[in-house]
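S.K.: Take this structure first; my questions come after.
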Protein chains: 2
Amino acid sequence: MAVEREGADVEAAPLESLTTPCLLVDREKVETNAHAMASALARHAVPLRQHVKTAKSIEVARLVAKREHAPITVSTLREAEHFASHGFHDQLLAVGMTPSRVPRIAALAAAGARLRIIVDDAEATRAIGAAARAAGLHLEALIELDVGQHRGGVAPDGDALLEIARAMASSSITCVGVLAHAGHAYDARTAGDLARVAEDERSGAVLAAERLRKEGHRADVVSVGSTPTALYAEWLDGVTEVRAGVFVFQDLFQAALGCARVEDIALSVLTTVIGVHPARGTVLVDAGALALSKDRSLDAVSGSGFGEVVGLDGARMRRRPTITWVNQEHGAIELDTLARVPRVGDRLRVLPNHACMTAAMYDRYHVIDGRGQVVDVWSRVNGF
Amino acid sequence: MAVEREGADVEAAPLESLTTPCLLVDREKVETNAHAMASALARHAVPLRQHVKTAKSIEVARLVAKREHAPITVSTLREAEHFASHGFHDQLLAVGMTPSRVPRIAALAAAGARLRIIVDDAEATRAIGAAARAAGLHLEALIELDVGQHRGGVAPDGDALLEIARAMASSSITCVGVLAHAGHAYDARTAGDLARVAEDERSGAVLAAERLRKEGHRADVVSVGSTPTALYAEWLDGVTEVRAGVFVFQDLFQAALGCARVEDIALSVLTTVIGVHPARGTVLVDAGALALSKDRSLDAVSGSGFGEVVGLDGARMRRRPTITWVNQEHGAIELDTLARVPRVGDRLRVLPNHACMTAAMYDRYHVIDGRGQVVDVWSRVNGF
C-alpha cells in the first residue's frame, strides 16, 4: 500500500485500501479547529502553549502552531523526549513531578531542552530539589493550583502556596509562576457555566501569582487552560499563556459541551462490518474496545455508547447510530439505527467519545484530505 | 538501565529502577496459572489452543505451552503475522472474517502458516471464497456458533448452519468444523452457572458438528472456550480443542467470577505517588486512564473503580484500596483506605480489572521473579 510507511513518498489512496480498524485524521478539520482556537485566544492577545497529549504527533503540533518549535505542554517524559528530538525545546510537564523523574529531565536539559515542571507539595519540592542538585540540574517550576477541580494543586489563597515557594527557594529550584487547570469545566453544561469556570481558573491563577510576587518570588508565568475554558473565557487579564489539547481533534464530548460541532471532529476510526444479524437486530464491526477504548464520557452528557457511527464519507446518519457495546475486537450497532442493512465487508467510521483515549489505542494516524483520500501517515509517541 | 531493551542480556534490577507507569508480569504466577489451566484440561484429555490476544507475547505463549510452536488462537492479523514469524504456524483467527483480509492471509500461507478462519454468513462466505480464489488461496474455515452470547454466530440447530456449509462447498472453502464461545459466561455468578454455560457451549458445538457430519461435511474440529468455561466445564465429550486467553494473567474480574484468586494475578501496573492531599482525602498516582485503561468490569460484579491498589511487594492491603477515578495521567486513591499516608515518590502497584485491556496500553512487559526483581523485558504486538 502506498501510504503504510511514515515518511515515505505517498500517493493518495482510497479509504478502501486500508486495513481496519485504523485511525483517520482529517487534516483540514485539524486546521479548522486550530484556527478556531487561535481566533479565540487572539481576542485576549494570549499565546497558546498547546498540550500535545492528545495527538502526541509532531505533524499535528506543527500544523497547529503554523511554525516550528512552538511552546508545548507535555504529559509524559516520552512525549518530552520525542518532541525535544524534533526541536520543540520549550516544554512544560503538566503532571505532578517526582524525584525519580529528575535523571530524564537532566538528560533533556543536556540536549538543549528547557522543560519546566509543576509542584504542589513543599516536602516533595525539597526532595526534587535534592535530586536535581545531585544530577547537576537547575530546575524551573510552576506551582500547581487547585481552582475547583480538587485533583492536584494548592489553594490560590492558602498558606501552602507560599510554603512551597519558600521550599523552592531553599532547594535551588527557581519559581517561575503558577499553573491552573479547571478540569471541572467538564462538569459544566452551559456556556454561562463554562465562562464562570474559566473565570475561576483565571482569577485563582492571577491571585496566586500576585501573592507570590508580593513575597518577592518570581511569577512571570500565569498558565491556565483546557479546551472549554480557552474557548469560553470572557477575559484573560493577567494570564500569560493558555494550555489546551483536545481542540486539535475535538470529539463527541467536546461537542456535547458546546466546544465544537460534531462536523468539526477530525478523528475517526475506520471499521469494517464483520457480522450482520437481522434476527438479533445487530451489526458487528471490527472496532471494539481496543479500537475505540472503553471511554464512556458521553454517558454523563448527551448520549451513550462507545462512539457515533457515521458513513464512510464521514456523513452523519439520521438516527445517530452508536456503538452500543464492545468486546475486545467486536463493536455492536443496532441494525435499525443504520440508514440501510449493511453487508459483511462494508465500511463505516466511528467518531470518538474522547479523542485522547481513542487515539491512544494506535501508534499512527492515516491522514485524509477533504475528499477522503489517504494522503499521509503520521506517527504517535505512546508510552511513558 | 539494565533491563530496558528486549532481548538484551539483562541483570536483575529492583522495581525502584523502573520508570512509571509500567507494566509488570510475575513470571512464576504465569506458570502457576498455566499449570492450573493445563490441569483442568487434562481431566478431559482435551488440548489447549491458547488465545494470544491477552498477552500478545511470544515469551508468554512459550511459557504457557512449555514447547515451541503450539497451536494458537489470534484476534488480529497483526498477531497472526507476529506469531507466524516466530514459528507459530498453526493458527485460528477467531474474529469474523471479511474479504479484505484475504491478501494478508494469503501472504501468511505463502510463508508457511496455516491460519484457519471463522464464518457465520453464507453471503459473506461466498464473497470470501471469491477473494480467496482471486488470491490463489485455499481457505479452511470453522462455522461460528451462537451458544447463548448472541454476539456473532449461527444457532447450532438452525438452517443457517447447513446453508453456510453448502456455501463453503460451492466456494472452494473447506469446512473443518465449528467454533463456539460462551461469552455470556461473564454474566454468570456461581460455579453452577458457569458449569451450565460451559455445557451449553459444549453441547451446542457437538450438536452442530454432528449435523454437519450427517450432511457429509467435515467437522474434525469442535472448538470451544473461554477461561471460565474451560475451568468450570464438567465434561468436554466431543470437544477437540479449548480456547482460553486471559487465564495467563488472570485479573480482578476473573477472581470475582471464581476463576482465580487475587493472589494469582500475574499482571500489575507499577505506579508512583505524585500528590498527597490529606484535606481532600486523596492520593494521586501516575497510573491514570492511559496506564490502566478505562475498563470498569468490576462494577458489574464485586467492586468498583479502575483497579485494586497493592503494595510495592504485591501484598494486598486490609481495606482493599482501589483507583477510584482516573484522568488521562492521574489516578486517585482514597487516602484512608491505604495502610499509611504515603509520600510523593512512593511506589505502589495496581491490579487490573481486565488484563486484556490494561496490557493493551503498553508495548512491553517488565518481567519480575518471585523476589520482585526485574529479570527480563518482553514485547507485545499491538495494533491490527
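S.K.: So which of A:ALA359, A:ALA332, A:ALA355 ends up being among the small types (Gly, Ala, Ser), within 14 Å of chain B (Cβ to nearest Cβ), within 23 Å of the chain's Cα centre (by Cα) and within 23 Å of B:VAL95 (Cα to Cα)? Don't jump to the end; show me each part of the working.
M.R.: Working: A:ALA332 fails: within 23 Å of the chain's Cα centre (by Cα); A:ALA355 fails: within 23 Å of B:VAL95 (Cα to Cα).
One residue alone meets the criteria, A:ALA359.
S.K.: Are any residues in region B:256-300 under 15 Å from the mean Cα position of the chain (by Cα), more than 8 Å from chain A (Cβ to nearest Cβ) and either modelled with pLDDT under 95 or outside any strand (DSSP E or B) (or both), and if so, which ones?
M.R.: B:CYS259, B:ALA260, B:ILE265, B:ALA266, B:SER297
S.K.: Within region A:28-62, how many residues turn out to be within 14 Å of chain B (Cβ to nearest Cβ) and on the phi > 0 side of the Ramachandran plot? Show your work before the answer.
M.R.: Residues of region A:28-62 that are within 14 Å of chain B (Cβ to nearest Cβ), as a first pass: A:51-56.
With on the phi > 0 side of the Ramachandran plot added as a condition, the list becomes A:56.
Number of matching residues: 1.
One line per residue, one yes/no per condition, for (1) open to solvent by less than 10 Å² (accessible area, probe 1.4 Å); (2) aliphatic (A, V, I, L, M):
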position: A:VAL276; (1), (2): no, yes
position: A:GLY281; (1), (2): no, no
position: A:GLY288; (1), (2): yes, no
position: A:ASP295; (1), (2): yes, no
position: A:GLY303; (1), (2): no, no
position: A:ARG319; (1), (2): no, no
position: A:VAL344; (1), (2): no, yes
position: A:ARG347; (1), (2): no, no
position: A:PRO352; (1), (2): yes, no
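S.K.: Next question, about the same structure. Residues that are of a type outside the set (A, V, I, L, M, F, W, C): find the strands (runs of 3 or more DSSP E) completely inside region B:340-384 holding 3 or more of those. Reasoning before the result, please.
M.R.: Numbers: elements: B:347-351, B:364-368, B:373-379.
Filter on region B:340-384 gives B:364-368, B:373-379.
S.K.: Just one of A:ALA219, A:ALA208, A:ALA195 is in contact with a Lys or Arg (Cβ under 7 Å, 6 or more places away or on another chain) and either modelled with pLDDT of 95 or more or surrounded by fewer than 22 Cβ atoms within 10 Å (Cβ to Cβ) (or both); which is it?
M.R.: Values: A:ALA208 fails: in contact with a Lys or Arg (Cβ under 7 Å, 6 or more places away or on another chain); A:ALA195 fails: in contact with a Lys or Arg (Cβ under 7 Å, 6 or more places away or on another chain).
After applying the criteria, what remains is A:ALA219.
S.K.: What number of residues within region A:178-230 satisfy the criterion of being assigned to a helix (DSSP H, G or I) and not small (Gly, Ala, Ser)? If you could, list the steps in order and put the result at the bottom.
M.R.: First, the residues of region A:178-230 that are assigned to a helix (DSSP H, G or I): A:183-187, A:191-214, A:227-230.
Okay, now just the ones that are also not small (Gly, Ala, Ser), so A:184, A:186-187, A:193-194, A:196-197, A:199-202, A:206-207, A:210-214, A:227-229.
The number of residues fulfilling the criteria is 21.
S.K.: For B:PHE88, indicate whether it is of a type outside the set (Gly, Ala, Ser), modelled with pLDDT of 95 or more, in contact with a strand residue (DSSP E or B) (Cβ under 9 Å, 6 or more places away or on another chain) and more than 21 Å from B:ALA359 (Cα to Cα). Explain how you work it out, then say what you get.
M.R.: On the way: of a type outside the set (Gly, Ala, Ser): yes; modelled with pLDDT of 95 or more: yes; in contact with a strand residue (DSSP E or B) (Cβ under 9 Å, 6 or more places away or on another chain): yes; more than 21 Å from B:ALA359 (Cα to Cα): yes.
Yes: the conditions hold for B:PHE88.
S.K.: Could you say which residue among B:ARG126, B:ARG151 is closer than 25 Å to A:ILE333 by Cα, open to solvent by 20 Å² or more (accessible area, probe 1.4 Å) and either among the polar types (S, T, N, Q) or not in a helix (DSSP H, G or I) (or both)?
M.R.: Numbers: B:ARG126 fails: either among the polar types (S, T, N, Q) or not in a helix (DSSP H, G or I) (or both).
Going through B:ARG126, B:ARG151 in turn, just one is closer than 25 Å to A:ILE333 by Cα, open to solvent by 20 Å² or more (accessible area, probe 1.4 Å) and either among the polar types (S, T, N, Q) or not in a helix (DSSP H, G or I) (or both): B:ARG151.
S.K.: For region A:63-73, enumerate the residues that are surrounded by fewer than 24 Cβ atoms within 10 Å (Cβ to Cβ) and either assigned to a loop (DSSP other than H, G, I, E, B) or within 14 Å of chain B (Cβ to nearest Cβ) (or both). Let's see the steps before the verdict.
M.R.: Here is the first cut: in region A:63-73, the ones surrounded by fewer than 24 Cβ atoms within 10 Å (Cβ to Cβ) are A:63, A:65-71.
Within region A:63-73, A:LYS66, A:ARG67, A:GLU68, A:HIS69, A:ALA70, A:PRO71 qualify.
S.K.: In addition: Being within 14 Å of chain B (Cβ to nearest Cβ) and open to solvent by less than 10 Å² (accessible area, probe 1.4 Å) is the requirement here; does A:ILE105 meet it?
M.R.: Numbers: within 14 Å of chain B (Cβ to nearest Cβ): yes; open to solvent by less than 10 Å² (accessible area, probe 1.4 Å): yes.
Spelling it out, A:ILE105 is indeed within 14 Å of chain B (Cβ to nearest Cβ) and open to solvent by less than 10 Å² (accessible area, probe 1.4 Å).
S.K.: May I pose another question? Within region B:337-359, track down each residue that is touching a Lys or Arg at 6+ places or on another chain (Cβ under 8 Å) and among the hydrophobic types (A, V, I, L, M, F, W, C).
M.R.: The first filter runs over region B:337-359 and keeps only residues touching a Lys or Arg at 6+ places or on another chain (Cβ under 8 Å), leaving B:337-339, B:353, B:356-357, B:359.
B:LEU338, B:ALA339, B:CYS356, B:MET357, B:ALA359 - these are the residues of region B:337-359 that are touching a Lys or Arg at 6+ places or on another chain (Cβ under 8 Å) and among the hydrophobic types (A, V, I, L, M, F, W, C).
S.K.: Sticking with this one: Give the residue, chosen from A:ALA169, A:ALA188, A:ALA180, A:ALA124, that is away from chain B (no Cβ under 14 Å) and under 19 Å from B:THR282 (Cα atoms). Can you show your working first?
M.R.: Working: A:ALA169 fails: under 19 Å from B:THR282 (Cα atoms); A:ALA188 fails: under 19 Å from B:THR282 (Cα atoms); A:ALA124 fails: away from chain B (no Cβ under 14 Å).
Among A:ALA169, A:ALA188, A:ALA180, A:ALA124, only A:ALA180 is away from chain B (no Cβ under 14 Å) and under 19 Å from B:THR282 (Cα atoms).
S.K.: Mind checking which pairs have a first residue in region B:170-188 that is under 18 Å from B:VAL95 (Cβ atoms) and modelled with pLDDT of 95 or more and a second that is among the hydroxyl-bearing types (Ser, Thr, Tyr) and open to solvent by less than 10 Å² (accessible area, probe 1.4 Å), Cβ under 8 Å, 6 or more apart or different chains?
M.R.: Pairs that qualify, where the first residue is under 18 Å from B:VAL95 (Cβ atoms) and modelled with pLDDT of 95 or more and the partner is among the hydroxyl-bearing types (Ser, Thr, Tyr) and open to solvent by less than 10 Å² (accessible area, probe 1.4 Å), are B:ILE173/B:THR125; B:GLY177/B:SER223; B:VAL178/B:SER223; B:LEU179/B:SER223; B:ALA180/B:SER223; B:HIS181/B:SER226; B:ALA182/B:SER226; B:ALA182/B:THR229.
S.K.: Something else about it: What are the residues in region B:147-188 that are out of contact with any strand residue (DSSP E or B) (no Cβ under 6 Å at 6 or more places or on another chain) and within 30 Å of B:LEU298 (Cβ to Cβ), if any?
M.R.: Filtering region B:147-188 for residues out of contact with any strand residue (DSSP E or B) (no Cβ under 6 Å at 6 or more places or on another chain) gives B:148-151, B:154-155, B:157-159, B:162-163, B:166-167, B:169-172, B:175, B:181-188.
Once the filter is applied, which keeps residues that are out of contact with any strand residue (DSSP E or B) (no Cβ under 6 Å at 6 or more places or on another chain) and within 30 Å of B:LEU298 (Cβ to Cβ), region B:147-188 yields B:GLY148, B:GLN149, B:HIS150, B:ARG151, B:HIS181, B:ALA182, B:GLY183, B:HIS184, B:ALA185, B:TYR186, B:ASP187, B:ALA188.
Listed here are the residues, each with its yes/no results for (1) free of Cβ contacts under 8 Å to residues at least 12 places away in the same chain; (2) aromatic (Phe, Trp, Tyr); (3) within 18 Å of B:LEU267 (Cα to Cα).
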| site | (1), (2), (3) |
| --- | --- |
| B:ASP299 | yes, no, no |
| B:VAL309 | no, no, yes |
| B:ARG319 | no, no, no |
| B:LEU335 | no, no, no |
| B:LEU338 | no, no, no |
| B:VAL341 | no, no, no |
| B:LEU348 | no, no, yes |
| B:CYS356 | no, no, yes |
| B:ALA360 | no, no, yes |
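S.K.: What are the residues in region B:92-133 that are small (Gly, Ala, Ser) and closer than 22 Å to B:THR240 by Cβ, if any? Even if it seems obvious, please write down each step before you answer.
M.R.: Quick first cut of region B:92-133, residues small (Gly, Ala, Ser) only: B:94, B:96, B:100, B:106-107, B:109-113, B:122, B:124, B:127, B:129-132.
The answer is B:ALA94, B:GLY96, B:ALA113.
S.K.: Exactly one of these conditions fails for B:ASP299: (1) of a type outside the set (Val, Ile, Thr); (2) open to solvent by 20 Å² or more (accessible area, probe 1.4 Å); (3) out of contact with any Ser or Thr (no Cβ under 8 Å at 6 or more places or on another chain); (4) farther than 16 Å from B:GLN254 by Cα. Give me its number.
M.R.: Just one mismatch for B:ASP299, condition (4).
S.K.: Do we find that B:GLU123 is within 25 Å of B:ALA84 (Cβ to Cβ) and either at pLDDT below 95 or more than 22 Å from the chain's Cα centre (by Cα) (or both) in this structure?
M.R.: Numbers: within 25 Å of B:ALA84 (Cβ to Cβ): no; either at pLDDT below 95 or more than 22 Å from the chain's Cα centre (by Cα) (or both): yes.
In short, no.
S.K.: Sticking with this structure for a sec: Given the conditions (1) in a loop (DSSP other than H, G, I, E, B); (2) open to solvent by 50 Å² or more (accessible area, probe 1.4 Å); (3) hydroxyl-bearing (Ser, Thr, Tyr), and given that A:THR32 satisfies all but one, which numbered condition is not satisfied?
M.R.: The failed condition is (1).
S.K.: So, one more: Just one of the numbered conditions (1) part of a helix (DSSP H, G or I); (2) open to solvent by less than 10 Å² (accessible area, probe 1.4 Å); (3) touching a Gly at 6+ places or on another chain (Cβ under 8 Å) is not true of B:ASP336; which one?
M.R.: Of (1) part of a helix (DSSP H, G or I); (2) open to solvent by less than 10 Å² (accessible area, probe 1.4 Å); (3) touching a Gly at 6+ places or on another chain (Cβ under 8 Å), only one is false for B:ASP336: (2).
S.K.: Considering each residue of region A:77-94, count those that are open to solvent by 10 Å² or more (accessible area, probe 1.4 Å) and either part of a loop (DSSP other than H, G, I, E, B) or touching a Cys at 6+ places or on another chain (Cβ under 9 Å) (or both), and give that number.
M.R.: The qualifying residues number 4.
S.K.: Within region A:25-56, work out how many residues are more than 20 Å from A:GLY370 (Cα to Cα) and of a type in the set (Gly, Ala, Ser).
M.R.: From region A:25-56, those more than 20 Å from A:GLY370 (Cα to Cα) are A:37-54, A:56; that's our starting set.
Among the residues that remain, those that are also of a type in the set (Gly, Ala, Ser) are: A:38-40, A:42, A:45.
Number of matching residues: 5.
S.K.: Also, quick follow-up: Tell me which residues, restricted to region A:154-169, are open to solvent by 20 Å² or more (accessible area, probe 1.4 Å) and either under 25 Å from B:THR324 (Cα atoms) or hydrophobic (A, V, I, L, M, F, W, C) (or both).
M.R.: A:ALA155, A:ALA160, A:LEU162, A:ALA169
S.K.: Tell me, yes or no, whether region A:354-374 has at least one residue that is touching a strand residue (DSSP E or B) at 6+ places or on another chain (Cβ under 7 Å) and either on the phi > 0 side of the Ramachandran plot or modelled with pLDDT under 95 (or both).
M.R.: Checked region A:354-374: no residue is touching a strand residue (DSSP E or B) at 6+ places or on another chain (Cβ under 7 Å) and either on the phi > 0 side of the Ramachandran plot or modelled with pLDDT under 95 (or both).
S.K.: Do you know which residues across region A:336-352 are among the aliphatic types (A, V, I, L, M) and within 13 Å of chain B (Cβ to nearest Cβ)?
M.R.: So in region A:336-352, the residues among the aliphatic types (A, V, I, L, M) come out as A:338-339, A:341, A:344, A:348, A:350-351.
Matches in region A:336-352: A:VAL341, A:VAL344, A:LEU348.
The values are calculated or read from the model by the stated rules, or taken from the named source; none is laboratory data. Just so it is clear, the structure is predicted and the values come from calculations on it, not from any experiment. Virtual Cβ from ideal backbone geometry, glycine too; neighbours counted across all protein chains shown. With ligands, DNA and RNA removed, areas are computed over all heavy atoms of the protein, side chains included. Shrake-Rupley method; radii C 1.70, N 1.55, O 1.52, S 1.80 Å.
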